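Each reported figure results from applying straightforward, stated rules to the coordinates on display, with no laboratory input. Just so you know, these numbers come straight off a predicted model, no measurement behind them. Methodologically, a virtual Cβ is constructed for each residue, glycine included, from the backbone with ideal geometry; neighbour enumeration extends over all protein chains shown.
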Amino acid sequence: MIFFAPQDSIGTGNNLAYLETGLGIWKQVCLNLGAEFWVNCESFSVTDYGAPIITIEPAEFRRFAVQLAISTRLGAGKLVTWEAMHFFDPQGDEGAQRLRREYLASRVSS
C-alpha cells in the first residue's frame, strides 16, 4: 500500500481558508498515482517563529476541528496526528488538557 499524508504546516502554517484547496490538490495527486489519501491534522500552533527557538503550543480546538472536517469531507482514508502524545497529553499543560477535553467532548456529541 502506498499512501500520502501531507504534513508540515498543513494545519498550522496554512490559512484555513485555503486548506481545502491545498488538500484537494494532494487528493488529486493520490488519485493520479494510485496512492491512498491520508491527512495529518496538526494539533499544534506555532505562536512565535522567533529564532533560534520557536514557540509551539497546543492548537485551539476550533482550528483542529476545521482540519478534521475538511479532511473527512475530502474523503481522506485515515486521519493522523503525529504529535498527539504531547499536545493531547492529559497530564500536560493547560493547553494540552483543554485541547483533549474539547476534542473528547466533540466525539461524544457527534
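Tally the DSSP beta bridges in the chain and give the antiparallel ones as a percent, rounded to 5. Walk me through the numbers before you get to the answer.
Values: 4 of 9 bridges.
Counting DSSP beta bridges with both partners in the chain, the antiparallel share is about 45 percent.
In whole Hz, with x marking every Gly and Pro, tabulate ³J(HN,Hα) for the stretch 80-90 from phi via Karplus 6.51 cos²θ - 1.76 cosθ + 1.60, θ = phi - 60°.
10, 9, 5, 9, 4, 4, 9, 7, 10, 5, x
Pick from Ile70, Ile25, Ile53 the residue whose mean-square fluctuation is largest in a GNM of the chain, springs joining Cα atoms under 10 Å.
Evaluated over the chain, the most mobile residue of the options is Ile53.
Mind listing the long-range amide H neighbours of Asn40? Cut-off is under 5 Å, sequence gap 5 or more, other chains count too, H placed in the peptide plane at 1.01 Å from N.
Val80
Below 8 Å between Cα atoms, with a sequence gap of 6+, how large is the relative contact order for the stretch 13-100 in percent?
Reported as a whole number, the value is 30 percent.
Note down the net charge around Asp89, summing +1 for each Lys or Arg and -1 for each Asp or Glu among other residues with Cβ under 15 Å from its Cβ.
Combined, the nearby Lys, Arg, Asp and Glu give -2.
Given that just one value was derived from the coordinates, which of (i) 7.8; (ii) 10.6; (iii) 8.6 is mean projected area of the Cα convex hull in nm²?
(i)
Would you please name the chymotrypsin sites (Phe, Trp or Tyr not before Pro) within the stretch 44-110 that are DSSP coil residues with at most 10 other C-beta atoms within 10 Å of their C-beta?
Taking the stretch 44-110 and a limit of 10 other Cβ atoms within 10 Å, the loop chymotrypsin sites (Phe, Trp or Tyr not before Pro) found are Tyr49.
What FRET efficiency comes out for Met1 versus Leu104 if R0 is 25 angstrom and r is the Cβ-Cβ distance? Round to the nearest 0.05.
Numbers: r = 30 Å, r/R0 = 1.19.
After rounding, the FRET efficiency stands at 0.25.
Using 0.36 nm per residue of separation minus the Cα-Cα distance, give me the extension gain between Ala51 and Trp82 in nm, one decimal.
Gain in length upon complete extension: 8.8 nm.
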